[in-house]
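Input: a single structure, listed below in structure tokens.
Each reported figure results from applying straightforward, stated rules to the coordinates on display, with no laboratory input. The model shown is predicted, which means the values in this text are computed figures rather than measured ones. Glycine gets a Cβ as well: all are built from the backbone with ideal geometry, and neighbour counts include every protein chain shown.
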Amino acid sequence: MSAVRTIWLMTRMRLTRQRNLLFNSGIFFKKKKPRDGIAGKRSNLWILTALMTLLMAFSFTTMSNNVVLNMQCQLDPASACRYVDKEGNQQIDQHAAFDELATAPFSAPLMHGLTMEVTILFLIAVVMPLGNKEITQPDWDLEWLVTMPVERATLLWGRVLERSASNFLGYFALMPAFGVIAWHSGHTWTALPVALLAAAVLLPLAAMLYTLADTGLRMWLPASQLRNMQAVAGLVNLPLIYFVMALGMPQASGFAMDWARGFPTWVGWTPPGLVLQAIQAQDLAQFAARAALLLAQVILLMWGGMALLRHQLRHGVVNSGARETVRGKQQTAAPRADALPVPARGLRALLAALLSPIKRRELRLLSRDRNFMFQTLLLPVIIIGSQMVFNGKLNSLAELGEHHTLAAAIAFGLGVYMLMLSAFQTLNNEGQVLWLLYTVPRSIESVLKEKAQLWGTLTLIYPAAVLGIAAWYSTEFEWDMLVLALSVAAGIPIYSMIAVSLGVFACDPQAVDVRTRVRPTYVYLYMLLASFYTWSIYTSVWSQKLVVLVLTASMALALWQKARDSLPYLLDPAAAPPARVSTADGLIAATAFFILQALVLMFFDKVSTQAITIAFGIAGLTVYGLMRLVYWRSKAAGVPAMLRGVDWAVSLRSAAIAALVACAAGVGYMAAIQHTAMWAEIQKAAAATSGSRLWILALSVVAAPLCEEFIFRGLIYGGLRRSMRALPAMVMSAAIFAVVHPPLSMLPVFVLGLCSAWTYERSKTLLAPMLVHAAYNAVILGFRPWQ
């Protein structure tokens, strides 16, 4: 074969392999072939993956745009976009910076700063592939590749070019930055192809550097030290990423911008700088000169790198010694328990008493696997520390005593990252022996519960240390410190359960390549859920904190239930759990219900009681019809019924008792708050409500019981009841029902939720809870201050 065809086949093989890995990971829609009459698994993960990819692309582009605008204001002395706000803090006007970039070529200081940015991004494109698990694989594909009847030089060129074409992380790193720079340089709608061309020019150089490092490390180091190098690459890569992110932060105008100002001018004549100069060329002659110099440098560097690569492989591709070696003295056997000192024996006995065999096994795995220990214990500190330092939010530990909210956010962030790198990997760490868990005389659910408990407890160490430092440097006690500490303490166990549950869906035991056993889409989903809880830490409204806490806890229960249903089918590529009503269905229905209400209200000129009632009814009927359609198509079990199989005596009797209790609690609450400031707020809200009493009665007594009981009792309580006893399920469903109502009515609505759930448990139909709900609303309306 010719050299061109060989290189093309190698590149095609690499891209095909990556495509197959994506399909095997379930990232795209794929229906597996049914077997033995069992419905094949359906994977709709491609929808979530597409959304996450779009979100990442939007985030990277926005960050790159902020870098350019921030550098224009901070670095260009002639820029007029800086101003001082009323509080005396320096701010930047991004609109003014945008106009300045559109009217003139980039200034020299701005070009220096952008050269530093794209140079760091180029280094990220080199270092990031070194941090993946390919370098630690025992099988090196170059060892069998050189056995092909093709010249060595052709194979090496093919290796470099295939890696440049398949470096998707490099494209993600470089294209947003070059695209934004091209847009501000006047290329407008041609910015995307310009960015693609710029990345395609630089990525072969990145692939050459990566190949030189990969080849040299494999030839010189044993496999054990290769794992250490992988950890070091990950350690170096993260600060580089957060440093680039810091360049786009307006408050990070300290040392990050000082480095940009002092960046060497000669770097502008390296390939990343020349690409930037070519994009900024003002005429064809200037572009031709920069492009010719860039092309000459790329050719020269590629040929020089290829010569060095041939020198590395001058003696072949197999190292002279064994890769796995034991250096130093021969390891001795572990001491017997009776030979240990008395304190050591006491500690071992204490750990054996406190920890189950599953938990001790997890700790033993942590102590033996250095990569696992690094990513679990050290990597979260590096991630959070880089974010705080490079973003200019924290200059010393003493500042934690002044910024309690920031301290709580850091504490929770450390815990979240530690759980993502530990509890999230619970099933993936089992590797090829996951099937052994199905042979032990215990359910896998109980094993996962113990792992979640262990990692949730260990994770609390870092947050406790951060909050302890904040308390130490605090000059006086404030109650908000206690609230923040309790928020973090409650969030860590919840997200431990979420991490283990998502880890079940993210784990792919059937994957041949270990690098694809964790689907990255679920990692991004986990981080989005964590950011939702982080927002509740920053908010100062207690009701918002309560709402987020309850919703997050219910989400954790719903995900755990879904994961528990999937556990018996993990190793079967075709079988799937039977369709049943779950808590997740109820949460999805509730979310769709409120979103549809908001969408329908957009078609009304004025938000009135009539408009709210119509929107409520349309949203409720739509959600009810869609959920019934989905359940009918999937033949789901446990679908709530309104009248089918109703026992009229039991339903009416339980409804009367529950309505009496709920109405008494509501009337007592209304009577109690009439002498407080809350009553004035209720009167103000009632005065702002326009509409006839007929519409209000239709909303409260007809629409609300019909729609809300189907969602909150039929789906959410019915789903919770599958996983827990009746009383905890009642409390949890009532809490979810209460937090979606205004803060002033949460307490009586919680009681109403308990009473409705009790009647549903007794009657097994929705008629009784609907009657309770209607009676409660009718009685409360009599105490509402109508005008």
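Worth pointing out:
- With the highest mean first, a sort of the peptides 160-166, 270-276, 77-83 on other beta-carbon atoms found within 10 angstrom per residue produces 270-276, 160-166, 77-83.
- Pair ALA664, ASP99: separation of 7 Å Cα→Cβ label points (nm): 6.9
- Modelled FRET efficiency - R0 22 Å, TRP189 with GLN286, Cβ distances, 0.05 increments: 0.50
- Using θ = phi - 60° and Karplus 6.51 cos²θ - 1.76 cosθ + 1.60, couplings along segment 554-560 (whole Hz; Gly, Pro as x): 5, 5, 4, 5, 5, 5, 5
- Proximity of backbone amide H atoms, modeled 1.01 Å from N, is registered between ARG580 and ALA637 at under 5 Å, excluding neighbours fewer than 5 places apart on the same chain.
- Label-point separation, ASP480 to TRP259 (7 Å along Cα→Cβ), nm: 3.2
- Cα centroid separation, segment 711-761 to segment 557-580 (Å): 25
- Rounded to the nearest Hz, the phi-derived 3J(HN,Hα) couplings of segment 414-427 under the Karplus curve 6.51 cos²θ - 1.76 cosθ + 1.60 (θ = phi - 60°) are 4, x, 5, 5, 5, 5, 5, 8, 10, 4, 5, 9, 4, 7, where x marks glycine and proline.
- Ordering of 543-552, 4-13 by burial proxy (mean other Cβ atoms within 10 Å per residue, highest first): 543-552, 4-13
- Converting phi to 3J(HN,Hα) with the Karplus coefficients 6.51, -1.76 and 1.60 and the offset θ = phi - 60°, segment 438-454 yields 7, 9, 7, x, 8, 6, 5, 4, 5, 5, 5, 4, 5, 5, 5, 5, 5 Hz in sequence order, with x at every glycine or proline.
- Segment 603-787 - Debye-derived log10 I(q)/I(0), Cα point model, q = 0.08, 0.20 Å⁻¹: -0.27, -1.46
- In this structure, the pairs whose alpha-carbon distance is over 32 Å, taken from LYS451/LYS764; LYS451/LYS545; LYS449/LYS545; LYS359/LYS635; LYS449/LYS764; LYS359/LYS764, are LYS451/LYS764; LYS359/LYS635; LYS359/LYS764.
- Gain on full extension, evaluated as 0.36 nm per residue between TYR538 and LEU308 minus their Cα-Cα distance, stands at 77.5 nm.
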